[in-house]
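Each value in this text was obtained by applying a stated rule to the coordinates, not by laboratory testing. Since we're looking at a predicted model, the values are computed, not measured. All Cβ positions, glycine included, derive from the backbone under ideal geometry; neighbour counts span all protein chains shown.
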Amino acid sequence: MAEAELAQKLQRRLVLEDADSPAGDSAEPQVEDGEKLPTANADNELSAKLNRRQDINAGNAVPATRTTVFNPYTEFKEFSRKQIKDMDAMFRRYDAGRDGFIDLMELKLMMEKLGAPQTHLGLKNMISEVDEDFDGKLNFREFLLIFRKAAAGELEQDSGLMALANLSEIDVSTEGVKGAKGFFEAKVQALSSASKFEAEIRAEQDERKRQEEEKKNRRAAFKELKSAFNA
């Protein structure tokens, strides 16, 4: 409410200033070629901002969203740093335009290079499945979503995105997986390997406790035997 009142006051002030100016001032001022009218430009810019603010308040416009810094290491914690770097290298390799996006034609080339060519409609479906900002192309965050969905089992086995994930050259050996051909298969093996590793640690801890207990019992038995001989 306060913003609307402020906008109205500023607009009224502009109108009053125009009304107070002499009649002869209505003509355009003489300027040299190439010169600009800073006052007029400032008034137009102010009016545009006020109009947009009123549209936003009235619900007729969407305010510009603030850009946030994307950190893949904190947002995609399920992946190791090496995995993310490998994904970034893959993304950059197929970003032929070097604009930070993989568009339809670049995705087409990628899938052909991976040995899984797609139809035009298939490529569009691949993009739309992870295209959060609806711009018709993939940024790096959306590219990472492909692998997140693949690891979570959220992709159809015969989909283009699943083929991309399985045929990618992402190295998952950092999670102890050897010889896995597909990313999804590798992720499952990585989780199994991690569970086995934790079980082995617990077993070693239990074994150490058992050995300490046996050692303690042997010491106690030795003391009793020693006491019996000294009696």
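Quick notes on this one:
- Distance (nanometres) between label positions extended 7 Å along Cα→Cβ at residue 169 and residue 128: 3.2
- Net dipole in debye of segment 73-136 [+1 Lys, Arg Cβ; -1 Asp, Glu Cβ; about Cα centre; nearest 20]: 440
- Rg/Rh, computed from the Cα trace of segment 90-154 with Rh as the Kirkwood radius, has the value 0.93.
- Modelled FRET efficiency - R0 35 Å, residue 77 with residue 208, Cβ distances, 0.05 increments: 0.65
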